[in-house]
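Reviewing the structure listed below.
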Amino acid sequence: MKSVGTYPSTRLRRNRKRDWTRRLVQENTLSTSDLIWPIFIRDGKNIKEPIKTMPGIYRYSLDKIEKLVEKAIEQKIPMIALFPNTPFYKKDNRGSEALNRNNLICKALRLIKKNYNEIGIMCDVALDPYTKHGHDGIINKSYVDNDATIKILVKQSLLQAEMGCDVIAPSDMMDGRIGEIRKALDKKDFKLVQILSYAVKYASNFYGPFRDAVGSNKLLKSNKKNYQMDYKNSKEALREVALDIKEGADFVMVKPGMPYLDIIKLIKDSFKIPVFAYQVSGEYSLIRKGIDDKIIDENAIVESLMSFKRAGASAIVTYFADEIAKKLR
Ligand code: PBG
């Protein structure tokens, strides 16, 4: 690097000496426009149910959803992500409930889209909230069957689009599903429905609390390593992203977040597509517990979110969205 200078004529601390000069040289910013707020929904009436492994996060019955959407709009959060906690009796081995026009997600989409158009809604495409075995696809001879699963995911995507979903977010890690979903959407004239591909999703130990939230944790008897990525790999992420761009993804997601900042940067340096980061449930709960137990200061939340911006993320899915939006405004 040229023009680095030498001490004592160069002193980097000069630019840090007061708040005003620190503000002048700041390289990254965080605003409410960077946030995507995940919301867990459940059946029943007038319910706000705590999730034990995610302090401060709740499952809401549908009658509570409009209030939350209004809050998000008021705080200028551009998009919410809906996740269903499906009652066990509705789960089966094929995740049939995913295709029920009256499942929780469809009902929520209809309810929200009836009155609110100024906020984006993103929905996961994957079968894990609906299967008895907790896997993202259907199982054939103890292996998650790629092509058979895609057929269902295409139907799930079309159904969500029909109900008004703005951003279809396949989180299943099947090969080739982005292309098939794009083709099907275009054919049915959903040309402007966007696809956010969870292109780079690692088989991670940080998803535990989410699986509690959607009720798949106890059901899942094995891991997801034969479809989600191995955390020892990074270059493989470039192949995943390259394929998804070719297949028609509008944005790509890296997941989890903080342990994978190198991956966000790598993708950003290699492609021109918007990259989103998912600060997942385990990351949320660790930071939350650390703050609640007075181990770390609450400013750690913004610090953690800024790290995604530094790495090059355009937006961040975070369970802190609501709380931080309030502070940022
Ligand atoms: C399901 C899905 C998962 C998450 C989002 N969608 C879990 C998994 O793959 O097991 C995790 C999100 C989080 O931990 O916050 N396909």
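Specify the residue that is farthest from E66 (Cα to Cα); the eligible residues are those in segment 131-168 that are hydroxyl-bearing (S, T, Y) and not in a loop (DSSP other than H, G, I, E, B).
Residues of segment 131-168 hydroxyl-bearing (S, T, Y): 131, 142-143, 149, 157.
Narrowing the set further to residues that are not in a loop (DSSP other than H, G, I, E, B) leaves 131, 143, 149, 157.
Numbers: T131: 28, Y143: 40, T149: 32, S157: 23 Å.
Ranking the candidates gives Y143 first.
Hey, among the residues in segment 219-236 that are without any contact (Cβ under 8 Å) to a residue 60 or more places away in the chain and within 16 Å of the ligand (Cβ to nearest atom), which one's nearest to I181 (Cα to Cα)?
Within segment 219-236, the first condition is being without any contact (Cβ under 8 Å) to a residue 60 or more places away in the chain, and the residues that meet it are 222-223, 225, 228-236.
Subsequent filtering for residues that are within 16 Å of the ligand (Cβ to nearest atom) retains 222-223, 225, 228-231.
Values: S222: 28, N223: 26, K225: 23, Q228: 19, M229: 21, D230: 25, Y231: 27 Å.
Looking at residues that are without any contact (Cβ under 8 Å) to a residue 60 or more places away in the chain and within 16 Å of the ligand (Cβ to nearest atom), I get Q228.
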Go through (1) out of contact with any helix residue (DSSP H, G or I) (no Cβ under 7 Å at 6 or more places or on another chain); (2) open to solvent by less than 10 Å² (accessible area, probe 1.4 Å); (3) at pLDDT 95 or above and name the single condition V214 misses.
(3)
Go through segment 169-207 and report how many residues are part of a strand (DSSP E or B) and not β-branched (V, I, T).
9
Pick out the one residue from Y143, Y198 that is among the hydroxyl-bearing types (S, T, Y) and away from the ligand (no atom under 14 Å from the Cβ).
Y143
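The values are calculated or read from the model by the stated rules, or taken from the named source; none is laboratory data. From a predicted model like this one, the values you see are computed outputs, not experimental measurements. Using ideal geometry, Cβ is built from the backbone for each residue, glycine included, and neighbour counts are taken over all protein chains shown. These accessible areas exclude ligands, DNA and RNA; they are computed on the full protein's heavy atoms, side chains included. Shrake-Rupley method; radii C 1.70, N 1.55, O 1.52, S 1.80 Å.
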